[in-house]
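What follows is a short report on a single structure.
The values are calculated or read from the model by the stated rules, or taken from the named source; none is laboratory data. Bear in mind the structure is a predicted one, so any value in this text is a computation, not a measurement. For neighbour counting, all protein chains shown are included, and Cβ atoms are generated from backbone atoms with ideal geometry for every residue, glycine included.
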Amino acid sequence: MITFDAVTKRYPDGTVAVDRLSLEAPTGEITVLVGPSGCGKTTSLRMINRMIDASEGRILLDGEPVQGIDPPTLRRGIGYVIQQAGLFPHRKIVDNIATVPYLLGWDKKKARVRAMELLERVGLDPALAGRYPFQLSGGQQQRVGVARALAADPPVLLMDEPFSAVDPIVRTSLQDELLRLQAELNKTIVFVTHDIDEAIKLGDRVAVLRVGGTLAQVADPKTLLSEPADDFVREFLGHDRGIRRLQFVSTEGLRLRTDLTVEEGAERGTSESWQLVVDAEGRPLGWASGARPGELEPYGTFVPGRDSMRSALDAALLSPSGCAVAVDEQGKVVGVATREALDQALAEAADG
Amino acid sequence: MGWLSAFFSWLGEFFGSPENWSGPGGIPMRLLEHLEFSALALVLAALIAVPLGLVIGHTGRGEVIVVVSANLARALPTLGLLVMFVLLLGAASIWPVIIPLVLLSVPPILVNTYEGIKGVDPELRDAAYGMGLRGGQVLLRVLVPVALPLILLGCRLSAIQVVATTTVAAYTGLGGLGRYVIDGFATKDYASVVGGSVLIVLFALVVQILFTLAQRVTVSPGVSQRLKVR
Ligand SMILES: Nc1ncnc2c1ncn2[C@@H]1O[C@H](COP(=O)(O)OP(=O)(O)O)[C@@H](O)[C@H]1O
Ligand SMILES: [Mg+2]
């Protein structure tokens, strides 16, 4: 566990970047520091590995004040990932990843084996091991940055806007990858971002900071969305707070109809205006309507139980039928969530 | 095309005469002298300037030394410096010539080494510290390899300057390839002047090639980005 105990940082020019911050980042969880630019996120993060020293207060790592630990020794035990990856351009990818093991005096062969293992862990082709950083895309470099931080298996990981410089599609996949890794590794992660969506997606706990370096609220994402502490937090969360809350509502109990599905070629003949046409394997092909026979309209799918109500609603809005297609992990149709069913689930979500 | 044929006949005369290939005034001996003076001056200059540039660039302390040395290099007349040292120290040893040669080659190496280290991306420096490297490790394992092209550039500039200045140093009675040019003018032996000049040009070219090779061998492909992006 990382504990901020009334920590203040005053820069030599008088700027108070962090003001009496008290916060805990529990072991094995992702704690996200989020807030507008200049609110002291980076400063807070860098005080943990003593890249910056606190002016007042204490930071404890499992109860031990970091101020008492020699900075290089401290840092070798803490993974650190920054925005532009900061890979060493003169070293091959495998040696970049093995940086900290080399520093710790590991046998060179052992360090490289470990590096290769991590390369695959973060979803990179082992063939990249022999390349240099300039030969990799931004997203790949960022993955290498994560692998490098994990190389010596530190219990703590500090990440400073690691995914902000890559395009949205790559960012999403990097975020998913991090969650997958974290499910396996259970590191204590402190993650800094200015992006509230990222914070909500990744955080077990989200700490919202306001400019001046004070803590506005710390809560799990669901609570944050449903009970913002004040106007600042409410405004920072944005207008679509309600919609985003649906991300945390399960589709488990959603009522599904199975009588709206017809196999290809067997359509028509019922009174229902919309019918979902499926192929012989049960995969969806499109919506058929009595009004326009012979034409298939678009559809959207979600996996009940796995995906959230937000996904289900999104799937419904993708189709003129207004219904969301429920599929299993293999993509086979298991039922249809109608407007009425979604409506009822939304009403329940609003209540509790 | 009269001058061209004259040029080649002088060349033929110079390189063709057997007495130019042996003895203390022969081409092998003069080449060796030239190499000796240039190399000695360059190595001494590098031994002073590289560590100094590394430390100043890394710590940011003593930057005034870099500025002063750069300005002095621009202000001091090469030949004047040479003559002054010879007058001060006499012409009995090679040092009156070596010292000014060293003084002249320090600034390009110092300035480029300093700029190279100073100019490394702060994010990279930051990442190196963040991984847990100590100050010296950051310098030697990250900053130097990344700044190496500039450090070598400084050395190459100095080398070219030293080769040229060693030629001029023949005025003070020193050996080396400059002897052919200076003595040739004095005795109106144009074959010697032309032959000596060609040798100096070739010598400088070889130095350039050597530095290019050294760069190829020592600079990481990740820094020079010579590899194709696959
Ligand atoms: N080295 C520094 N000297 C003076 N002020 C600084 C320094 N670094 C950051 N600041 C100031 O401290 C505040 C917080 O900065 P930072 O922690 O980088 O914020 P964030 O990461 O949330 O954008 C800002 O007002 C910034 O201008
Ligand atoms: Mg920041």
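Considering every residue within the range A:179-195, establish whether at least one is within 14 Å of ligand 1 (Cβ to nearest atom) and assigned to a helix (DSSP H, G or I).
no
Of everything in the range A:20-46, what is within 16 Å of ligand 2 (Cβ to nearest atom), of a type in the set (Gly, Ala, Ser) and in contact with a Leu (Cβ under 8 Å, 6 or more places away or on another chain)? Give them in sequence order.
Of everything in the range A:20-46, those that are within 16 Å of ligand 2 (Cβ to nearest atom), of a type in the set (Gly, Ala, Ser) and in contact with a Leu (Cβ under 8 Å, 6 or more places away or on another chain) turn out to be A:GLY35, A:GLY40, A:SER44.
Taking the residues in the range A:4-28 that are surrounded by fewer than 19 Cβ atoms within 10 Å (Cβ to Cβ) and among the β-branched types (Val, Ile, Thr) as candidates, determine which candidate is nearest to ligand 1 (Cβ to nearest atom).
The selected residue is A:THR15.
In the range A:114-150, which residues are surrounded by 20 or more Cβ atoms within 10 Å (Cβ to Cβ) and among the aromatic types (Phe, Trp, Tyr)?
Across the range A:114-150, the qualifying residue is only A:TYR132.
List the pairs whose first member sits in the range A:194-212 and is within 14 Å of chain B (Cβ to nearest Cβ), whose second member is within 15 Å of ligand 1 (Cβ to nearest atom) and at pLDDT below 95, and whose Cβ atoms are under 7 Å apart, counting only residues at least 6 apart or on separate chains?
Close Cβ pairs (under 7 Å, with a partner that is within 15 Å of ligand 1 (Cβ to nearest atom) and at pLDDT below 95) do not exist here.
Could you tell me whether any residue of the range A:136-158 is at pLDDT 95 or above, within 13 Å of chain B (Cβ to nearest Cβ) and within 16 Å of ligand 1 (Cβ to nearest atom)?
yes
If you check B:VAL142, B:VAL146, B:VAL163, B:VAL168, which single one turns out to be part of a helix (DSSP H, G or I), touching a residue at least 40 places away in the same chain (Cβ under 8 Å) and within 26 Å of A:LEU150 (Cβ to Cβ)?
B:VAL146
What are the pairs with Cβ atoms under 6 angstrom where one residue, in the range A:4-19, is under 17 Å from A:ASN49 (Cα atoms) and within 14 Å of ligand 2 (Cβ to nearest atom) and the other, located anywhere, is assigned to a strand (DSSP E or B) and among the aromatic types (Phe, Trp, Tyr)? Sequence gap at least six, or different chains.
none
Within the range B:107-121, can one find any residue that is surrounded by 22 or more Cβ atoms within 10 Å (Cβ to Cβ) and either charged (D, E, K, R) or modelled with pLDDT under 85 (or both)?
no
Being farther than 25 Å from B:GLN225 by Cα, buried (at least 20 other Cβ atoms within 10 Å of the Cβ) and hydrophobic (A, V, I, L, M, F, W, C) is the requirement here; does A:ALA98 meet it?
No: the conditions fail for A:ALA98.
Which residue is farthest from the other protein chains (Cβ to nearest Cβ), if the candidates are limited to the range B:117-139 and must be part of a helix (DSSP H, G or I) and farther than 16 Å from A:ARG148 by Cα?
Here the residue is B:LYS118.
Only strands (runs of 3 or more DSSP E) wholly contained in the range A:262-352 count here; list those with 1 or more residues that are hydroxyl-bearing (Ser, Thr, Tyr) and farther than 18 Å from A:SER250 by Cα.
Working: elements: A:274-278, A:284-289, A:292-297, A:324-327, A:333-337.
Per the criteria, A:284-289.
Among the numbered conditions (1) over 30 Å from A:GLY86 (Cα atoms); (2) part of a helix (DSSP H, G or I); (3) among the polar types (S, T, N, Q), tell me where B:SER93 comes up short.
(2)
For the range A:77-91, which residues satisfy the criterion of being under 26 Å from the mean Cα position of the chain (by Cα) and buried (at least 20 other Cβ atoms within 10 Å of the Cβ)?
Selection gives A:ILE78, A:GLY79, A:TYR80, A:VAL81, A:ILE82, A:ALA85, A:GLY86, A:LEU87.
Of all residues being surrounded by fewer than 18 Cβ atoms within 10 Å (Cβ to Cβ) and among the aromatic types (Phe, Trp, Tyr) in the range B:179-230, which is nearest to the other protein chains (Cβ to nearest Cβ)? Just the residue, please.
Only one residue tops the list, namely B:PHE211.
Can you tell me which residue within the range A:52-109, out of those that are hydroxyl-bearing (Ser, Thr, Tyr) and within 8 Å of chain B (Cβ to nearest Cβ), is nearest to ligand 1 (Cβ to nearest atom)?
The qualifying residue nearest to ligand 1 (Cβ to nearest atom) is A:TYR80.
If you go through the range A:290-297 one residue at a time, do you hit one that is at pLDDT 90 or above and among the small types (Gly, Ala, Ser)?
We begin by selecting, within the range A:290-297, every residue at pLDDT 90 or above; these are none.
No, every residue in the range A:290-297 fails to be at pLDDT 90 or above and among the small types (Gly, Ala, Ser).
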